[in-house]
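Every number in this text was worked out from the coordinates using simple rules, so none of it is lab data. Not measured: the values here are computed from a predicted model. Backbone-built Cβ (ideal geometry, glycine too); neighbour counts: all protein chains shown.
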Amino acid sequence: MKRLIPFFILHSYLPPLFGASLRLTSRLRSVSLASAMLVSLFILHSCKSDHYATFTGYAQGTTYSIAVKNPPEGTDKKIDAVFEEIDLTFSMFNPSSLTGRINRGETDAATPLFEEGFSLAKNIHAATEGYFDSTVKPLVDAWGFGPGERQAEPDIAAIMEYVGMDKVRIEAGHIIKDDPRVQLDFSSIAKGFTVDRLAEMLEKEGVTDYMVDVGGEVRVKGVNEAGRRWRIGIDKPVGGLAREIETVVSFSDALPAIATSGNYRNLFVDETGRTRVHTIDPKTGVTAQGEILSASVVGAKCAVADGWATGLMACGKLETARRLLSNAPSGIEYYIIYSDADGSTASFHSPGFPFADN
């Protein structure tokens, strides 16, 4: 079957759900409708002597789509293996995951993969002056954005006693908590981390052209089926189901990954009439409804972009975001959409942001 992959895909914010135990494999399966399971697809595209295959499915509480030129035999199984490894290590919804067992105090032993994710989270925490924090799980739960029932009036001061990346570390392969109530949650970098692992697996298999998209976090290499650089459209921060393109990004070998975070879809209005958004300011413990509406970060690694996008949203204030970005590591480009003084939408971006040519 011939089908052309679009020259760009919509890149939009999705809530940071992660680790749902239901995960569809990338292989085409025959499943009864009564089983209530979705069927993932493996679509083959023809293009002269080359062909592109698209592997799609459901994982980490969202959908994924992976386009690969001339995929080696067994690529579907290797994709499954990456998702399974991440799920068993970092999932918040799989009770057997290592992170879940660490949170419950059942183990303190860190695997190499866990250490890699933990070290990344620590580094981004320091670079963003603490606005990215992987210990905010108790706050996320209290505000109603995690499993369990939302607290009408959460005791933020009490919860903050055991929130903070400075309260947890790894020594000689063991997780050390200053307070046993510290809870780890890597959802804010999990999709980006998975994207990187999938991309690295494909490159190890000799793939030269691909696009990996997990829940809107994307990393690419080479060209699409039309022979052009991959292009990604960034959404305007419009709530609901409406979709409008704000701008389009074109990738390079040096900047192959993008992540976007926003506060315009996953939110609710509480009993006092105040809007509560899913992003939590780890310094105050309060939901971060600020001037920044959307943060898109482009870089060499999707996980780093993912963490920075979250940190920028958590800081909330435009002035703070500008300060953080002035000290950002090299190789980070950004596009920030914010609400200005009169309520209008405006944006600013780094000088090297890779806009697509018309």
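Our compactness index for segment 281-352, the C-alpha radius of gyration over the empirical 2.2 N^0.38 Å, is 1.07. Distances between placed amide hydrogens fall under 5 Å for G164 paired with T135, all partners being 5 or more residues away or on another chain. Computed about the Cα centre, the dipole magnitude for segment 192-233 is approximately 180 debye when only Lys and Arg (+1) and Asp and Glu (-1) carry charge, each at its Cβ.
Maximal additional length on extending the E244-A126 stretch stands at 39.1 nm, based on 0.36 nm per residue less the C-alpha distance. Taking Cα centre as origin and charging only the Cβ of basic (Lys, Arg, +1) and acidic (Asp, Glu, -1) residues, the dipole magnitude of segment 159-259 rounds to 180 debye.
Can you sort T62, T89 so the residue with the fewest Cβ neighbours within 10 Å comes first?
T62, T89
Ordering D133, D340, D357 from the fewest to the most neighbouring beta carbons within 10 Å gives D357, D340, D133.
Each peptide in 155-162, 205-212 was scored by the mean count of other Cβ atoms within 10 Å over its residues; highest first, the order is 205-212, 155-162. Computed over neighbours whose Cβ is under 13 Å from that of A305, the net charge equals -1, Lys and Arg +1, Asp and Glu -1.
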